[in-house]
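To keep things clear, I will list the structure first and then write my remarks on it.
What follows draws every value from the coordinates through simple rules; no lab data is involved. Please read all numbers here as calculations on a predicted model, not as lab measurements. Neighbour counts are summed over all protein chains in view; Cβ atoms, including those assigned to glycine, are modelled from backbone coordinates with ideal geometry.
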Amino acid sequence: MPKLAKRVFAGGQWWGIGDEPPAAVAATILNPANWASDDDDDDTTEQRPAARRPQGPRLSGRVYAGGQWYGPDDDVPAEVARTIDNPKAWEGGKMPTFDDEPAEAVTATAGGSTTSTDGGPGQSPAGQDGDGQLRLPAPARAGKGSGKDVWEAYLKANGVTVEPGASREDMIAAAEDAGLVDKE
C-alpha cells in the first residue's frame, strides 16, 4: 500500500504524511502529488521555505486594491498602499507613513480651530503632492463612512494631529484648513 506524501482530508478524516489509508479511502485520493513515490527517501517531513516578511507596511488581512488582492505576506506597492485608507486593514490598526511624505503638522482642536507648522504659504498641504492632488481619498461627509473615527484616521494619515475631544465637525474643519478637502 502506498504512503501519503502530503496531509490529505479524505474519507471524513485527515490523513498525515506517511499514513497508509485503507484501499477504499485511497481510491478517493486522485491527485498523484499526494502520494509518495517509491524513490522517495524515508524522510517524510514536508520541506517548506522559510516565511518571508514583506518590506514596508504589513496588511492585517486580505485587501483588494489597485486591481488585485494583497495579503499580510505580500509587498504592497507604495502607490497602492496609499489608497488603502482603512486603518483596520493595516497591522496594529494604524495607517502607515511613507518616507516621501512631508512632515507637516496641523492640529485640530475642539472648537474647529487649527494650527499649522508647515512653514507658511507656498508649501503643499500634508497629504498632497506638488500638483495638489490628494494621495488618499477623503472620507464621506455624511452617511456611511463619515464617522468620527474615519475622519480621525484620515487626518492622522495626512499628518494632521487630532486633539482629544475634537468633534467630527472640528476634524472636517481641520481637513479644510489643511487643504485636504474643499470647503463647503
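Where does each of Trp35, Trp15, Trp151 land when they are ranked from fewest to most other beta-carbon atoms within 10 angstrom?
Trp35, Trp15, Trp151
For the pair Ser37/Trp14, report the inter-label distance in nm, with labels modelled 7 Å from Cα in the Cβ direction.
So the label points at Ser37 and Trp14 sit 2.8 nm apart.
What are the residues whose amide H is under 5 Å from the amide H of Thr161, where those residues sit 5 or more places off or on another chain and H is modelled from the backbone?
Long-range HN contacts for Thr161: Val106, Thr107, Ala108.
At a 10 angstrom cut-off on C-beta neighbours, averaged per residue, how do the peptides 25-33, 87-95, 5-13 rank from highest to lowest?
87-95, 5-13, 25-33
Name the residues whose placed amide hydrogens come within less than 5 Å of the amide hydrogen of Ser167, ignoring near sequence neighbours (fewer than 5 apart) on the same chain.
Under 5 Å from the amide H of Ser167 lie the amide H atoms of Gly111, each far enough along the sequence or on another chain.
Between Gln68 and Lys183, 0.36 nm times their residue separation minus their Cα-Cα distance comes to what?
Here the segment from Gln68 to Lys183 would lengthen by 38.0 nm.
Compute the distance in nm between two label points, each set 7 Å from the Cα along the Cα-to-Cβ direction, one at Ser60 and one at Ala27.
5.0
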